Amino acid sequence: MFDRIAPVYDAMNRLMTAGLDRRWREVTAAAVVRPGDRVLDACCGTGDLALAARAAGGEVLGLDFSEAMLVRARRKAPDLEWVRGDLLALPFPDASFDWIYVDGNHLYEYVRADLERYDPKVKPGGLIAGDDYGVRGWWDDGVTRAVDEFVEARGYEVVSLEANQFVLRKT
């Protein structure tokens, strides 16, 4: 599906959000990325969040399973590292990242499992962030339930739950 929609993905995001999607990416990255942070943009799509994280000073790696999305990301920033890969088998050593951002599957079971997969990949004190937290009725509240359970089970500190974004710090 994502290979098929890649040619219109950015235009769809701009249209569906009235252009606000760029702004929330910039605000999110500016709020949490520190210069020199190693950042993984998982499910990076065409790379807009990765670009915002780089602008905030991060050393960014974008990961996506859709080659068509990565082609577009590479056009925007050929100097960034873009990796075709699968969230189910992250090809990185443990404690590799200061910040992992994901905008992937929003169903409860997947979000919960993904958070468990990211846990070992983020450094102590590092952050896991994503979107659609608190959006009622959206995918049966899967993101909200999964994040709340993960925080409870793993003892992450909730940094922010604003503007439907979640930011969690590994303690």
Among the residues of region 89-110, is any of a type outside the set (S, T, N, Q), in a loop (DSSP other than H, G, I, E, B) and in contact with a Pro (Cβ under 6 Å, 6 or more places away or on another chain)? yes
For residues in region 55-77 being assigned to a helix (DSSP H, G or I) and free of Cβ contacts under 8 Å to residues at least 40 places away in the same chain, which is farthest from A11 (Cα to Cα)? A55
I need every pair where a residue in region 32-54 that is over 14 Å from M69 (Cβ atoms) has its Cβ under 6 Å from the Cβ of a residue that is modelled with pLDDT under 95 and acidic (D, E), sequence separation at least 6 or different chains. A52/E26
If a residue has to be modelled with pLDDT under 90, among the small types (G, A, S) and loosely packed, with under 15 Cβ neighbours inside 10 Å to count, how many in region 114-152 make the cut? 1
Condition (residue is acidic (D, E), touching a strand residue (DSSP E or B) at 6+ places or on another chain (Cβ under 9 Å), within 17 Å of R38 (Cα to Cα) and touching a residue at least 40 places away in the same chain (Cβ under 8 Å)) applied to region 99-109: is it met by at least one residue? no
Scan region 78-88 for residues that are part of a loop (DSSP other than H, G, I, E, B) and at pLDDT 90 or above and report the count. 4
Take the conditions modelled with pLDDT of 95 or more and farther than 23 Å from D119 by Cα and apply them to E67. Does it pass? yes
For region 49-64, which residues satisfy the criterion of being at pLDDT 95 or above and either more than 19 Å from P93 (Cα to Cα) or β-branched (V, I, T) (or both)? A50, L51, A52, A53, R54, A55, A56, G57, V60
Do we find a residue being out of contact with any Asp or Glu (no Cβ under 9 Å at 6 or more places or on another chain) and closer than 17 Å to G130 by Cβ anywhere in region 47-66? no
Among the candidates T17, T46, single out the residue that is more than 19 Å from Y156 (Cβ to Cβ), within 15 Å of the chain's Cα centre (by Cα) and of a type in the set (S, T, N, Q). T46
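The values are calculated or read from the model by the stated rules, or taken from the named source; none is laboratory data. All of these numbers come straight from a predicted model, not from anything done at the bench. Every residue, glycine as well, gets a Cβ built from its backbone with ideal geometry; the counts of neighbours run over all protein chains shown.
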